[in-house]
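Beneath this line is the structure, given in structure tokens, with notes to follow.
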């Protein structure tokens, strides 16, 4: 199976699209489509749900298509940045499994809608290494982090990763550290200005303040299934990191820098996992696990044992999505 996804042809693309359809089918089967559930108080997400009306099916179809597009973009990004082998579809396959390993992942739309902006911000930071004038890239990174946070609040924390990534890249000019912060603030300044001009009161400040002050590890509540999923994904990620760094000396300097900033983002994603309840709604951890695992799989040469593990995980992920339809909640 691993050898199959080490290529990127139409057959692999069809399999990935079919896998997405299989894993998303329970979302359409198991939920009502008459009323949109209460949405978080984030600016762009509220606008999006308002534009789509009162039907859940519209937002569900939109998010599924958006997720599929993100999977293809993720695969291309990993290949272009030399994080996986070229002409490979491993990254797309792993992302689908990691991002759909629990039913709630396909039902928490704010993170999935913010996903394109998060990935674009990540790709922008990957491109700054060696640039003589990275100012525009840094501004774009902060800007896209802000757009992502307007759908999914914890994405705001990515600005700290951007600043740490600059340190890893060896940036010494203080003004360059201010540019992504300015990029982060600009969309919010525009939003505040428009709200003031049109006279529409907003409670975004109260919501964002509450989101920060309400963080507490004491409030965490996980089911047996969720603990198992988290432990499995975390264990696979750690093993992947060990495998990746054992191969790190063979990479070029720019690839080593990208791996370092990716590791920083993975560490931040562990913290982000607990920034919002329920815990499993925070998909950044699973996105970064996709990065680590797909990178490690490209280094594997003996594939028989890995193939067995992949098949077991794929069957478990599919079963986990469909069990709630039969009233089985672990």
Reported set for the range 5-52 where residues are modelled with pLDDT of 70 or more and exposed (fewer than 13 other Cβ atoms within 10 Å of the Cβ) is 9, 10, 11, 14, 18, 21, 29, 47, 50, 51
Counting only residues in the range 287-322 that are in contact with a helix residue (DSSP H, G or I) (Cβ under 8 Å, 6 or more places away or on another chain) and closer than 21 Å to residue 223 by Cβ, the one surrounded by the most Cβ atoms within 10 Å (Cβ to Cβ) is identified as 289
Which pairs have Cβ atoms under 9 Å, sit 6 or more apart or on different chains, and link a residue in the range 69-93 that is on the phi > 0 side of the Ramachandran plot to one that is crowded, with 20+ Cβ neighbours inside 10 Å and in a loop (DSSP other than H, G, I, E, B)? 87/8
Take the range 153-192 and flag every residue that is at pLDDT 90 or above, within 17 Å of residue 263 (Cα to Cα) and more than 18 Å from the chain's Cα centre (by Cα). 163, 164
Which of the residues that make up the range 222-268 are loosely packed, with under 13 Cβ neighbours inside 10 Å and at pLDDT below 75? 248, 249, 250, 252
It is to be established whether one or more residues within the range 132-146 are under 23 Å from residue 234 (Cα atoms) and either touching a residue at least 24 places away in the same chain (Cβ under 8 Å) or not in a loop (DSSP other than H, G, I, E, B) (or both). no
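The values are calculated or read from the model by the stated rules, or taken from the named source; none is laboratory data. Just so it is clear, the structure is predicted and the values come from calculations on it, not from any experiment. As a convention, Cβ positions derive from the backbone with ideal geometry for all residues, glycine included, and neighbour counts pool all protein chains shown.
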